[in-house]
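The values are calculated or read from the model by the stated rules, or taken from the named source; none is laboratory data. Bear in mind the structure is a predicted one, so any value in this text is a computation, not a measurement. Here the Cβ positions follow ideal geometry from the backbone for every residue, glycine too, while neighbour counts run over all protein chains shown.
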Amino acid sequence: MARGILAVLSIALTVFALADCVQTKDDKVRGVPKWAWIVLIVLLPWVGPITWLFVGKDRSWGAGGGQPRRKGPIAPDEDPDFLRKLDEDIRRERRERERGQQSPGSADGSAPEDRRGNPGEADGGEADRGDATGDGDPTTGRDDRSL
């Protein structure tokens, strides 16, 4: 069982190192030429692949190495123009909402209309209570005082 696991690990390491070596650009290969690394990886199990992974490839991540950084914002929340427009939209919506809530009653002093356009009902006027005394049930029309 242990020999089988070691054999599978050796093959996996060799395949990984071989694929890495083949895909590496020639200017990143250190020591010997790329063809020599391929021969070492294939012919020397464990030693060839491990040597390739630690010594054979220039893996410097400093200036000029690694993947080039993408210019500009990566996500919308990192884009200053998007954030500025979003902020302006939010402020505009708030101003419009505040203007709608601050609209006072008419100049003659009558009660403001509710959303349905019925005067006097927005502030809980008589039409909301069902009758002028406020004692009746508006759904049935019965008087609660008689019960």
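Looking at D77, D27, which one is surrounded by fewer than 13 Cβ atoms within 10 Å (Cβ to Cβ), at pLDDT below 90, in a helix (DSSP H, G or I) and in contact with a Leu (Cβ under 8 Å, 6 or more places away or on another chain)? Break it down into steps so the answer makes sense when it comes.
Working: D27 fails: in contact with a Leu (Cβ under 8 Å, 6 or more places away or on another chain).
Result of the check over D77, D27: D77.
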Can you tell me which residues in the range 39-59 are surrounded by fewer than 16 Cβ atoms within 10 Å (Cβ to Cβ) and under 16 Å from D26 (Cα atoms)? V39, V55, D58, R59
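For the range 8-24, give me each residue that is in contact (Cβ under 8 Å) with a residue 24 or more places away in the chain and either in a helix (DSSP H, G or I) or at positive phi (or both). Even if it seems obvious, please write down each step before you answer.
In the first step, residues of the range 8-24 are kept if they are in contact (Cβ under 8 Å) with a residue 24 or more places away in the chain; the result is 10, 13-14, 16-18, 20-21, 24.
The answer is S10, L13, T14, F16, A17, L18, D20, C21.
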